[in-house]
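We did not get these values from a lab; they are worked out from the coordinates using the rules stated. These figures come from a predicted structure and were not determined experimentally. Backbone-built Cβ (ideal geometry, glycine too); neighbour counts: all protein chains shown.
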Amino acid sequence: MIKSVIRWSVNNRFFVLLATLILVGVGAFAVKNTPVDALPDLSDVQVIIKTSYPGQAPQVVEDQVTYPLTTAMLSVPGAKTVRGYSFFGDSYVYVIFDEDTDAYWARSRVLEYLSQVAPTLPSNARPQLGPDATGVGWVYLYALVDRTGNHNLSELRSM
């Protein structure tokens, strides 16, 4: 098989050179016209709901805030995945949408469903939409550390 390809290539040098020039030209055209982004956004379209419920334990936040929000967001059109996280006094719900979903359309749908479920939440729980950004925005994280020992953990959290 290979012997016959080599024989044909040697006998038809003009066609081999022509095919090589065409491939080089198409490659140069593709390199020139392909858009390049320094930090391409490969993340899914997501909308974050952050709810502050001050002074409540994670289990209470889970039962009274995160679970109702998560179940309500499961019915948002185009939602692929809904993830809820509960912390001390805070709840985060991530609604991840299908590919090719417009980010602003997704935010408006989540806001629509959030307005329906907000009256069922506790009175001092304040849900709000997260920043209008992609998942690539979570690049910079920091830790607040007191090397002097003058502040306890709750004081560091309140800073």
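Do we find that PHE15 is out of contact with any helix residue (DSSP H, G or I) (no Cβ under 9 Å at 6 or more places or on another chain), farther than 20 Å from ARG107 by Cβ and part of a helix (DSSP H, G or I) in this structure? Write out each step before concluding.
Working: out of contact with any helix residue (DSSP H, G or I) (no Cβ under 9 Å at 6 or more places or on another chain): no; farther than 20 Å from ARG107 by Cβ: yes; part of a helix (DSSP H, G or I): yes.
No.
Condition first: of a type in the set (S, T, N, Q), without any contact (Cβ under 8 Å) to a residue 40 or more places away in the chain and within 26 Å of LEU114 (Cα to Cα). Now tell me which residues in the range 21-57 satisfy that. It would help to see each step written out before you state the result.
Filtering the range 21-57 down to residues of a type in the set (S, T, N, Q) leaves 33-34, 43, 46, 51-52, 56.
Filter again for without any contact (Cβ under 8 Å) to a residue 40 or more places away in the chain, leaving 33-34, 56.
If the condition is that a residue be of a type in the set (S, T, N, Q), without any contact (Cβ under 8 Å) to a residue 40 or more places away in the chain and within 26 Å of LEU114 (Cα to Cα), then GLN56 is the only one that fits.
Name every residue in the range 94-106 that is part of a strand (DSSP E or B) and either of a type outside the set (Val, Ile, Thr) or more than 12 Å from the chain's Cα centre (by Cα) (or both), in order of residue number. Show your work before the answer.
Filtering the range 94-106 down to residues part of a strand (DSSP E or B) leaves 94-97.
Passing the criteria: TYR94, PHE97.
Taking the stated definitions as given, is GLU99 out of contact with any Lys or Arg (no Cβ under 9 Å at 6 or more places or on another chain) and either surrounded by 14 or more Cβ atoms within 10 Å (Cβ to Cβ) or under 26 Å from ALA133 (Cβ atoms) (or both)? If you could, list the steps in order and put the result at the bottom.
On the way: out of contact with any Lys or Arg (no Cβ under 9 Å at 6 or more places or on another chain): no; either surrounded by 14 or more Cβ atoms within 10 Å (Cβ to Cβ) or under 26 Å from ALA133 (Cβ atoms) (or both): yes.
No.
If you check VAL93 against the conditions, is it of a type in the set (A, V, I, L, M) and over 21 Å from SER43 (Cα atoms)? Let's see the steps before the verdict.
Numbers: of a type in the set (A, V, I, L, M): yes; over 21 Å from SER43 (Cα atoms): no.
Answer is no for this residue.
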